[in-house]
Amino acid sequence: MKALTGHSVLPYLRDWDLLDETGLAQSQYTVADNPHGSTRNTHLIVTRAQETGFFVKQARLIPLGEEIDELTDTLQLEGVFYQRARELPDLAAHLPRPYPIPRNNSDPYIATDHVLLTEYIPDSTPLMEYLRQLPHFVTTSPPPRLALARRLGEVLALFHQRLEANGGPMRTNEWPVFRPPLLDIDERHLNVLKQSDNRLLSFLGNRLEQSNSLASLHQLRELWTPSQLIHTDARLANFLVQQKPGTEPPEITLYLTDWEYAAQGDPVFDVASLIASYLRLSLGMSGFFSQQEIHESIFQLGRGYLLTHPADPLKSKWLLLVIQHAGVQLIQQFYSLASRVPDEPFRNEAEVSLELLTLGIEYLNRPIDILAKIIP
């Protein structure tokens, strides 16, 4: 396996006959190295004026003795997803385009080096960056931030609507089955957390016990319905925004990327992923989003989703499930963060994560109260 870097990616693409020798000789290609700060994969962008660029994604090298199968299989499945989505034009309009490599049987995935190649989406901006640039105080109705939230709901609903059939090009049974790990926690797992030497994990176990959260988690497990292909990681960070120049109000296209975790699951989880992303904005970026803006954004997100793809006829029941699953994801994020934080006095990331846990438990166990705050 060749580990690609900003220095080696151009010769690598040349060896696959994907770059022009003259352009290389005249240094006409530009490389951006890991622009989104990924830790799981290496991301490289290669561009040349007036030409289609490349987005190169490679599973990072794994230390000797560890399994790489899971990492590479997910990239291969992501490539399969993008290829088959070309048969669904309305979805393909919101996805990266796979780059067929002639010397690789037109497959965008190079198995020997665990590399996935897609076309670079020109003039695109990570949604989080785009969101920061939107003005706080405007007179347009709805305000740009709320219009964006509604558009996110509409696009996610479009994906769920087109992917809900088990037939068609996606053939859902070819993807793994997914269920949130936290739904399988039991008393034994809880005791392991409570007795952990990591004080944050011990704190997590005690808070879950004190709040009687196991009952809520077990109820969600019983209601979990892996009925279709879902993204499973539909966070704000996995969307790109492409704005049409010279339009006012801005005309944008949203792209949902990073389908490497796609699996058979319950679509409520994807909607909850977006809600959990919005909730983290109020915790991690002081002053970036007020609680009122968060609630208004979540409302518009849900509205856009339900108007595009009506869910359970008992919408209130469906909305409560989404709220609870957002809580599950916040608790899971706390667990992930706590597992990485050294065992020292609560500060920095740990302080933020404690707020994360409190909010997650509230969303999990008090969805009716939360819904009353969100719905105007």
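Overview of results
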read-out	value
Residues of segment 169-192 classified as modelled with pLDDT of 95 or more, surrounded by 20 or more Cβ atoms within 10 Å (Cβ to Cβ) and in a helix (DSSP H, G or I), total	1
When residues of segment 253-285 are limited to those that are crowded, with 20+ Cβ neighbours inside 10 Å and β-branched (Val, Ile, Thr), the one nearest to the chain's Cα centre (by Cα)	Thr257
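The values are calculated or read from the model by the stated rules, or taken from the named source; none is laboratory data. Everything numeric here is computed off the predicted structure, so don't read it as measured data. Every residue, glycine among them, receives a Cβ derived from its backbone with ideal geometry; neighbour counts consider all protein chains shown.
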